[in-house]
Each structure stands twice: as structure tokens, then as C-alpha cells.
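What follows is a set of notes on a single structure, which appears directly below.
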Amino acid sequence: MFNKRKFYINGLWDDPSTPHDFDVINPSTEEACAVISLGSTEDADKAINAAKE
């Protein structure tokens, strides 16, 4: 299973500001195939500001 719990922002891997994860479900098997972090408004703002630079 694929696990990614960091965000790639401005050329660096950054920890999310919240500890919440989300299972990605494969619709053909209905099994979890990945776990990803759920971002917050703070994470989105950080990514948007980095993209503007």
C-alpha cells in the first residue's frame, strides 16, 4: 500500500499541520490502496503562497 504523509511545497517535503489521514479506496476491489494526509487551510495557504513566488 502506498503511504504518503507529507506535502511537497516549494521544493521541500513538509509535514501537514493536522494529523488526519484519508484512505484512498480502489473502486474495483473496494480495498484501501493508499493513505494520504488531509491538508488544512494553513497547508493550502502555504502551497498557494509558494506558487506565487
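I want to confirm something. Restricting to segment 1-20 and keeping residues that are among the polar types (S, T, N, Q) and surrounded by 10 or more Cβ atoms within 10 Å (Cβ to Cβ), which single residue is farthest from the chain's Cα centre (by Cα)?
Pass one, segment 1-20, residues among the polar types (S, T, N, Q): 3, 10, 17-18.
Going one step further and asking which of them are surrounded by 10 or more Cβ atoms within 10 Å (Cβ to Cβ), we end up with 10, 17-18.
Values: Asn10: 14, Ser17: 10, Thr18: 10 Å.
The extreme case among them is Asn10.
Could you grab me the full set of residues in segment 42-53 that are exposed (fewer than 10 other Cβ atoms within 10 Å of the Cβ) and modelled with pLDDT of 95 or more?
Kept after step one, since they are exposed (fewer than 10 other Cβ atoms within 10 Å of the Cβ), are these residues of segment 42-53: 51-53.
The answer is Ala51, Lys52.
Does Val24 satisfy being aliphatic (A, V, I, L, M) and touching a Cys at 6+ places or on another chain (Cβ under 6 Å)? So that I can check it myself, show each step before the final result.
Numbers: aliphatic (A, V, I, L, M): yes; touching a Cys at 6+ places or on another chain (Cβ under 6 Å): yes.
Against the criterion (aliphatic (A, V, I, L, M) and touching a Cys at 6+ places or on another chain (Cβ under 6 Å)), Val24 qualifies.
Among the residues of segment 29-42, is there at least one that is charged (D, E, K, R), assigned to a loop (DSSP other than H, G, I, E, B) and in contact (Cβ under 8 Å) with a residue 24 or more places away in the chain?
No - not one qualifying residue is present in segment 29-42.
Tally up the residues in segment 21-41 that are exposed (fewer than 11 other Cβ atoms within 10 Å of the Cβ) and within 14 Å of the chain's Cα centre (by Cα), please.
1
The values are calculated or read from the model by the stated rules, or taken from the named source; none is laboratory data. Nothing here was measured: the structure is a model prediction, and the numbers come from that model. Backbone-built Cβ (ideal geometry, glycine too); neighbour counts: all protein chains shown.
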